[in-house]
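The values are calculated or read from the model by the stated rules, or taken from the named source; none is laboratory data. Being a predicted model, the structure only gives us computed values, none of them experimental. Every residue, glycine as well, gets a Cβ built from its backbone with ideal geometry; the counts of neighbours run over all protein chains shown.
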Amino acid sequence: MKSISPKSNPDFELMDQHLMDVAIELFAAYDVPIEHCPALAEEGLGRETYCMASIGYVGHGVKGVLILAATRAAAEAWTNAAGGMECDLVDTVGEFSNMLLGRLKGRLLREGIPISLATPMTVVGDGLRISVAPGASSWQFFEGPGWHLGTRLDAAFEPGFQREETLAVPAEAGDAILF
Amino acid sequence: MTARVMVIDDSMLVRRQVSAALKTPGYLVTEAVDGVDALEKLAGLADMKLIVCDVNMPRMNGIELLERLSAQGSSVPVVMLTTEGQPELIQRARSLGAKGWIVKPFKPEFLVATAAKLAPLGA
C-alpha cells in the first residue's frame, strides 16, 4: 500500500484530537484526573518509561498503531484505580491500551472512520524507546497524580482516503445492554 | 445456593475484576484466557450457569466462541464484556444467542445485576 504521511492531514488531526479526549475520559471513569502535558513533548518519559503497549488497527484506507507508554508509578496507580487487584502491571497497561483504543474506535465510527482492532502486545523494560518514521505522528503526554503517560497514534492513509457517510451510534463505555 | 460463572478474558486484570465482583454475592467463578481455553474448561464443567466473555482475544475471539457454542446447542447464557461498541458486532453477538453486551470499563453493580437476572443464586 502506497501511503502518504499523516502530517498536516486533517483526518489524522481529528483522530489525534479524539485520542486526547478519550484518554482524559478513560481515566476520569476511574476517578483519576489527568491533564495534557505538552511540556513533555521534547523529552518524553525518557528513562522513566516502564511499559509500552501497542495495538494495531485497520480501516478502509487507513491503518496504523496505537502505543500507550507508562511509568511504573502510572501502572501501579492504574492497577489500584481498577480495584487494587493483585496482577501483573504489564497486563494492566495492556488492558488500558485496549480500553483507550476501544473508546477511540467508537469516536472514529461516528466520524465515518470505521476500524478493526488487533489484540494488545505489551513490553516492559528500562528506558524503552520506539523507532518510527520521522514525522509520521507525534507523542501526546499526560500528567496524573504523581505519574505520567504517553499516547502515540500512527496512521498511514491510502491516497484518496475519505471518511464515510455514517449514521452509526456505537455503544458507549459503561453501557450495559440486555437483549 | 450458589451458581458457577465463567469469565473469559485475555486480561488478568479484567478476570480478577469480574471474579471479585461476582464472588462477593456468592458466585463460583472459573477463569479462562480465551475461547480455546474456555471450550476446554467447559467440557469438564456441566453446571455452568453464565459466561461473561470478552470479544477481542487471541486464538479464538468472543464472536467465534459464540459461533462454537451455538453450533453445540449450548443453553448457557453469554454476556459480552468488551471495549467494543460497534452496532454490527452487537447485532452479530445477539444473533448468535448472546444475552447481553457490557462496554468496559464496567460498573460491578451492573455486572452483578446482570448475573442475578440470568443466573439467579437461589435457582
How many of the residues in region B:6-53 are in a loop (DSSP other than H, G, I, E, B) and free of Cβ contacts under 8 Å to residues at least 12 places away in the same chain? 3
I'd like to check something: does region B:52-71 contain any residue that is polar (S, T, N, Q) and more than 9 Å from chain A (Cβ to nearest Cβ)? yes
Are there any pairs, at least 6 apart or on different chains, whose C-beta atoms fall under 6 Å, with the first in region B:98-111 and facing chain A (nearest Cβ under 7 Å) and farther than 18 Å from B:ASP10 by Cα and the second of a type in the set (D, E, K, R) and buried (at least 23 other Cβ atoms within 10 Å of the Cβ), and if so, which? none
Suppose the filter is of a type in the set (Lys, Arg), in contact (Cβ under 8 Å) with a residue 40 or more places away in the chain and in contact with a Leu (Cβ under 8 Å, 6 or more places away or on another chain); does A:ARG103 pass it? yes
Could you check region A:79-100 and list, in sequence order, the residues that are more than 7 Å from chain B (Cβ to nearest Cβ) and of a type in the set (A, V, I, L, M, F, W, C)? A:ALA81, A:LEU89, A:VAL90, A:VAL93, A:PHE96, A:LEU100
In region A:53-78, what residues are surrounded by fewer than 18 Cβ atoms within 10 Å (Cβ to Cβ) and within 12 Å of another protein chain (Cβ to nearest Cβ)? A:GLY56
Kindly state which strands (runs of 3 or more DSSP E) lie completely within region A:71-179 and contain at least 1 residues that are among the polar types (S, T, N, Q) and closer than 25 Å to A:CYS37 by Cβ. A:121-124, A:139-144, A:147-157
Inspect region A:131-151 for any residue being at pLDDT 90 or above and either within 14 Å of chain B (Cβ to nearest Cβ) or within 30 Å of B:ALA93 (Cα to Cα) (or both) and give the result as yes or no. no
If B:VAL76 satisfies every condition in (1) within 27 Å of B:LYS23 (Cα to Cα); (2) of a type outside the set (Phe, Trp, Tyr); (3) part of a helix (DSSP H, G or I); (4) in contact (Cβ under 8 Å) with a residue 12 or more places away in the chain but one, which is the exception? (3)
Filter region B:112-123 for residues that are more than 9 Å from every other protein chain (Cβ to nearest Cβ) and either surrounded by 13 or more Cβ atoms within 10 Å (Cβ to Cβ) or of a type in the set (D, E, K, R) (or both) and give the result. B:VAL112, B:ALA115, B:ALA116, B:ALA119, B:LEU121
Report, by residue number, each residue of region B:84-97 that is closer than 21 Å to A:TYR57 by Cβ and within 7 Å of chain A (Cβ to nearest Cβ). B:GLU84, B:GLY85, B:GLN86, B:PRO87, B:ILE90
